[in-house]
Amino acid sequence: MNTDAAIRDYFAAGTLPALPSDHFIAGRWAAPVAGARMETFDPGLGRAYHAFAAGTEEDVERAVTAAHAAQGAWGRTKASERGAILTRAAALLRAEAARFAFVESLDSGKPLQEAEGDVGGAARAFEYYAGAADKIEGETYPIGDAYLGYSRIEPVGVTAHIIPWNFPLSTAARGIAPALAAGCTVVAKPAETTPLTMLMLAELLTRAGLPDGVLNVVTGTGAEAGAPLVAHPRVRHVTFTGSVPTGQGVMQAAARNVASVVLELGGKSPLVVLKDADLDDAADGVIGAIYENAGQVCSAGSRLIVERAVHGAVVERVVERVKALRMGHGLRRTTLGPLNSAPHAARVAAKVDAAKARGLAPLVGGAAATDPETDAGWFFEATIFDDVAESDPVVQDEIFGPVLAVQVAEDVDHATALANGTDYALVAGIYTRDFAAAHRMARDIDAGQVFINEYFAGGIEVPFGGNRHSGFGREKGLAAVHNYLRVKSVAAKIG
Ligand code: NAD
């Protein structure tokens, strides 16, 4: 695909050719049983550009039935063959990366270069779990010479994957690839504002050789399509990424079927800068941590905790970099894209307005905006609230937008206490040249993942997930494969 020509064609036509419109069930496109459709929007222009299936319980029933029918054969497929299919999927994804990135940028609003990174990350997930498929091994148990004790490692069965809108493709890949490697079948429900790349991925996996019914996609709203999926008695595991209240409901629905869950929920993650840090590196880190994807990142570094001695110097550097951000439509490779939907943009604005009403004055930003070229779209200025009290909602509540709260720490222990001072515990960043202090903080901060001297360091190899209100269970890394496996122990008398 020629990206520049596609961008020109899109802006001229207001839509893209050959986008998927139906569910993907049992290896083929499936029109919604009830016949209803809903629209997906370009957040950079604030207008609809495509219609897709608004799924209901009947569509979920067909998808789960297809997954259940495919489970036996897929679970018995030689592990190396499952791996080979995932390897082919990764290669196809790389070959078609331009198209995937284009659609991901358009549907989510994120800048094209960020979407390109996400597609590369998704391809890496398929490569990584392709290699894991034939390295899933069991154990023998020492129960005496006259006995044989061993384990069989089996797939859990049909798995449901509820995908959020902020990283639609890469979140889908990091859940689906280990499930398929483990021999599980999948029914995925992408978010209602970003359905397209999940559908494209399902079709691509079929071309890579995935048997019909192993991966099914039902699109639609959380209430109409998501809720019946997570409550379905044939679903044995749910991987959910999204907000805390929805995650709590998903856990309750799964509990009725005694199905397992992994919950990847929100965050209010700290990025700590100690006084001996490289301040330019740290300021670069802050910009990536909170303004990538306009702050719509579960693991965003939304709190900058800085030692008092360097507070002014760090904030000055961050403000300088904020002024260099370019707001605008993601397809123009800007550095601050729109928020994903009008309701979400309104939520972010309401939280910032409430902070201003409490007397907080933003150091920069603080207002809703539009694309300076078109005067359209759902944008929000890069915003900083400096020296905020720990109890303020700007410090405690996830805003999920380009809004940074700065907290001032007196010393390392105070910084650690501030880092631990919210209900969330997803990730943490630490910038310092003091090796021992960095690792003491890594020990003492409650988080699922700690980055030292590079926020977001790591990749698919490193387990990811939260503690407390950020959820539980781990995705990525070899840990993730075990979400989709169960142990059967066998004990036999042999003589
Ligand atoms: P959300 O909870 O509203 O929606 C997430 C998904 O759940 C969507 O696909 C939605 O359709 C579906 N859903 C909604 N109601 C449902 C129901 N009753 N049953 C089943 N599915 C249902 O969250 P959101 O607003 O789309 O995403 C933003 C939130 O997600 C933020 O809080 C963010 O921190 C979190 N998030 C976490 C991670 C992580 O890995 N920890 C990653 C991305 C986003």
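Below, the figures for the structure above:
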quantity: Given (1) surrounded by fewer than 23 Cβ atoms within 10 Å (Cβ to Cβ); (2) closer than 22 Å to THR40 by Cβ; (3) touching a strand residue (DSSP E or B) at 6+ places or on another chain (Cβ under 9 Å), index of the condition MET200 fails; calculated: (3)
quantity: Residues located in region 198-239, provided they are at negative phi, within 13 Å of the ligand (Cβ to nearest atom) and not hydrophobic (A, V, I, L, M, F, W, C); calculated: THR219, THR221, GLY222, GLU224, GLY226, PRO228, HIS232, THR239
quantity: Subset of region 339-360 (residues that are in contact (Cβ under 8 Å) with a residue 24 or more places away in the chain, more than 23 Å from LEU45 (Cα to Cα) and not in a helix (DSSP H, G or I)); calculated: ARG358, LEU360
quantity: Tally, over region 219-240, of residues that are surrounded by fewer than 24 Cβ atoms within 10 Å (Cβ to Cβ) and in contact with a Pro (Cβ under 7 Å, 6 or more places away or on another chain); calculated: 0
quantity: Helices (runs of 4 or more DSSP H) within region 240-338 that include 1 or more residues within 16 Å of the ligand (Cβ to nearest atom); calculated: 244-256, 279-291
quantity: GLY328 vs. criteria touching a residue at least 60 places away in the same chain (Cβ under 8 Å) and buried (at least 19 other Cβ atoms within 10 Å of the Cβ); calculated: yes
quantity: Pair list, Cβ < 8 Å and 6+ apart or interchain, from region 148-172 residues that are under 25 Å from LEU204 (Cβ atoms) and outside the structural domain of GLN296 (by TED's automatic domain parsing) to residues that are assigned to a strand (DSSP E or B) and more than 16 Å from the ligand (Cβ to nearest atom); calculated: PRO155/LEU485; PRO155/ARG486; VAL156/LEU485; VAL156/ARG486; GLY157/THR185; VAL158/THR185; THR159/THR185
quantity: Test result for ALA97, surrounded by 14 or more Cβ atoms within 10 Å (Cβ to Cβ) and touching a residue at least 60 places away in the same chain (Cβ under 8 Å); calculated: no
quantity: Of the criteria (1) within 16 Å of the ligand (Cβ to nearest atom); (2) surrounded by fewer than 20 Cβ atoms within 10 Å (Cβ to Cβ), which one GLY72 fails; calculated: (1)
quantity: Residue that is among the hydrophobic types (A, V, I, L, M, F, W, C) and touching a Phe, Trp or Tyr at 6+ places or on another chain (Cβ under 8 Å), where the choices are VAL364, VAL394, VAL388; calculated: VAL394
quantity: Tabulated pairs, region 57-72, first closer than 12 Å to ASP212 by Cα, second of a type in the set (Ser, Thr, Tyr), C-beta under 9 angstrom, 6+ apart or interchain; calculated: ALA66/THR185; ALA67/THR159; ALA67/THR185; HIS68/THR185; ALA69/THR185; ALA70/THR185; GLN71/THR185
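So that you can scan it fast, the table gives a plain yes or no per residue for (1) farther than 14 Å from CYS184 by Cα; (2) among the aromatic types (Phe, Trp, Tyr); (3) in contact with a His (Cβ under 7 Å, 6 or more places away or on another chain):
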residue: TYR49; (1), (2), (3): yes, yes, no
residue: THR56; (1), (2), (3): yes, no, no
residue: ARG62; (1), (2), (3): yes, no, no
residue: ALA70; (1), (2), (3): no, no, no
residue: ALA73; (1), (2), (3): no, no, no
residue: THR87; (1), (2), (3): yes, no, no
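The values are calculated or read from the model by the stated rules, or taken from the named source; none is laboratory data. No experiment lies behind these values; they were computed from the predicted model shown. Heads up, the Cβs are rebuilt from the backbone with ideal geometry, glycines too, and the neighbour counts pull from every protein chain shown.
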